[in-house]
Amino acid sequence: MKRKAKQIEEFLKEGNQIRIRMILKGRQVLHIDLAEAKLKKFLEMIEMPIKITNDLKKIGNNLVITIYKK
């Protein structure tokens, strides 16, 4: 996950907007609260200040959030 956070920082430095998608499989769909906590922990790993454009949404079996550089 650290590698992905570093890649996101590189994209944010270029001024790009990032959509993060977490795919839930099987019984993971029943425990959305745990997936949300994991995604929030991942966002904390990004050292650059970020702003959330679209809040966390559940679309099908995916959790989606959109961020950009502050």
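The values are calculated or read from the model by the stated rules, or taken from the named source; none is laboratory data. Values in this document were obtained by computation on a predicted structure and should not be read as measured data. Methodologically, a virtual Cβ is constructed for each residue, glycine included, from the backbone with ideal geometry; neighbour enumeration extends over all protein chains shown. Side chains are part of the model used for accessible areas, which takes the heavy atoms of the whole protein and leaves out ligands, DNA and RNA. Shrake-Rupley method; radii C 1.70, N 1.55, O 1.52, S 1.80 Å.
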**Message:** Looking at the stretch 30-70 only, could you name the residues that are among the β-branched types (V, I, T) and touching a residue at least 12 places away in the same chain (Cβ under 8 Å)?
**Reply:** I32, I46, I50, I52, T53, V64, I65, T66, I67
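Filtering the stretch 9-28 down to residues that are farther than 16 Å from N54 by Cβ and touching a helix residue (DSSP H, G or I) at 6+ places or on another chain (Cβ under 9 Å), which residue is least open to solvent (accessible area, probe 1.4 Å)?
L24
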**Message:** So, in the stretch 24-65, how many residues would count as being closer than 18 Å to K13 by Cα and part of a strand (DSSP E or B)?
**Reply:** 4
**Complete:** Of (1) within 14 Å of the chain's Cα centre (by Cα); (2) open to solvent by less than 60 Å² (accessible area, probe 1.4 Å); (3) modelled with pLDDT under 95, K40 satisfies every one except (2)
